[in-house]
Ligand code: PMP
């Protein structure tokens, strides 16, 4: 049986080439006769891997020299608390744009560490679908320690495609859209991402931190989450997740072979356009998001008759299309089409959707 197309939102599919390489060298990495999981993170061979991974990420994202790249623990949510603890004083104000479910979790976590969490704007319903309140209406604070937003809300399928223009350092949760298209890193104070979508295994995270934001951690910040300590220690203050780091390194190399983020960004646009086009021309399927705010990574869709949801999912799985169930908070369907999803997967999904619509 050929491998299914996996539309899971995360942990998500990884490039087949990467998985095959990891399998081939699992027991004997770098001709050492042992696995990459079994060597010290201080071994020169591992240090070379770690440094190369950072360099590849820097090349891919054109990260300026005055940013540190940190390989962190605790996935995306770990960063929800790391951000306020590292770059805001306990009595500071932090501005948050509430774009959806993950923004909301980030807001609630920040409230534990910063006295004033100011929600500047939120998702709104318009006659063309869900959108984000217009920047002109945002209630920005005068002296915010930072402005946080999630440019790609994984559950809601809402994206903010324009980088906000605000005075405070911008912090972006890019867990589900990092590396998916070219980005001007210099516009940000901190970019962070849980790894399990466009990078590698879950529980791992990457934080890209502008150097002038270091050195201000709250006194009670746990040391493994302290950006300044991790920057000084090369992200090896404690034992890093070496296997996740290794797999991420393979993904970065794969992405370079695809032509980098410019090339993958073109492909991502084409994949999303094809799926939205199909959904929009059909009366049977619908997407709840305003066209200007649609995610290119996570595409939720509803069936006109939700009593057919289970039949849709069962028949899709039988046709080799898995991971399409919408998030438990919102129901319906969701196709996550991260970097590793080939156009062939989107073609197969559209074909199946058309066939399902015809049959019922
Ligand atoms: N932020 C976003 C945008 C996410 O999609 C997720 C997970 N899906 C998280 C944060 C939380 O990540 P984790 O489960 O790694 O803590």
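A few remarks follow.
- Remark: pairs (first residue in region 48-76, more than 24 Å from residue 36 (Cα to Cα); second residue assigned to a strand (DSSP E or B) and away from the ligand (no atom under 16 Å from the Cβ); Cβ separation under 6 Å; 6+ apart in sequence or on different chains) = 67/210; 68/209.
- Filtered by the rule that a residue be closer than 17 Å to residue 94 by Cβ and more than 11 Å from the ligand (Cβ to nearest atom), region 149-168 gives 164, 166, 167, 168.
- Test: residue in region 81-90 that is more than 22 Å from residue 197 (Cβ to Cβ), in contact with a helix residue (DSSP H, G or I) (Cβ under 6 Å, 6 or more places away or on another chain) and within 16 Å of the ligand (Cβ to nearest atom): yes
- Checking each residue in region 194-237 for being free of Cβ contacts under 8 Å to residues at least 24 places away in the same chain and touching a helix residue (DSSP H, G or I) at 6+ places or on another chain (Cβ under 6 Å) picks out 215, 223, 229, 237.
- Checking each residue in region 91-101 for being crowded, with 22+ Cβ neighbours inside 10 Å and either more than 10 Å from the ligand (Cβ to nearest atom) or under 15 Å from residue 178 (Cβ atoms) (or both) picks out 94, 95, 96, 97.
- The sole residue among 354, 335, 340, 316 that is at pLDDT 95 or above and in a strand (DSSP E or B) is 335.
- Residues of region 299-315 that are touching a helix residue (DSSP H, G or I) at 6+ places or on another chain (Cβ under 7 Å) and under 13 Å from residue 8 (Cα atoms): 299 alone.
Each row is one residue, and each column tells you yes or no for (1) surrounded by 14 or more Cβ atoms within 10 Å (Cβ to Cβ); (2) in contact with a helix residue (DSSP H, G or I) (Cβ under 9 Å, 6 or more places away or on another chain).
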site	(1), (2)
5	yes, yes
8	yes, no
12	yes, no
17	yes, yes
27	no, no
36	yes, yes
46	yes, yes
52	no, yes
58	yes, no
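- Screening residue 327 with (1) in contact with a helix residue (DSSP H, G or I) (Cβ under 8 Å, 6 or more places away or on another chain); (2) surrounded by fewer than 16 Cβ atoms within 10 Å (Cβ to Cβ); (3) modelled with pLDDT under 95 gives one miss only, at (2).
- In summary, residue 231 fulfils each of the numbered conditions (1) more than 16 Å from the ligand (Cβ to nearest atom); (2) assigned to a helix (DSSP H, G or I); (3) under 19 Å from the mean Cα position of the chain (by Cα) with the single exception of condition (3).
- Selection within region 169-224 - over 19 Å from the mean Cα position of the chain (by Cα) and either in a loop (DSSP other than H, G, I, E, B) or within 12 Å of the ligand (Cβ to nearest atom) (or both): 169, 214, 215, 216, 217, 218, 219, 220, 221, 222
- Of the numbered criteria (1) assigned to a strand (DSSP E or B); (2) away from the ligand (no atom under 12 Å from the Cβ), the one residue 58 fails is (1).
The values are calculated or read from the model by the stated rules, or taken from the named source; none is laboratory data. As the structure is a prediction and not an experimental result, all values here were calculated from the model. All Cβ positions, glycine included, derive from the backbone under ideal geometry; neighbour counts span all protein chains shown.
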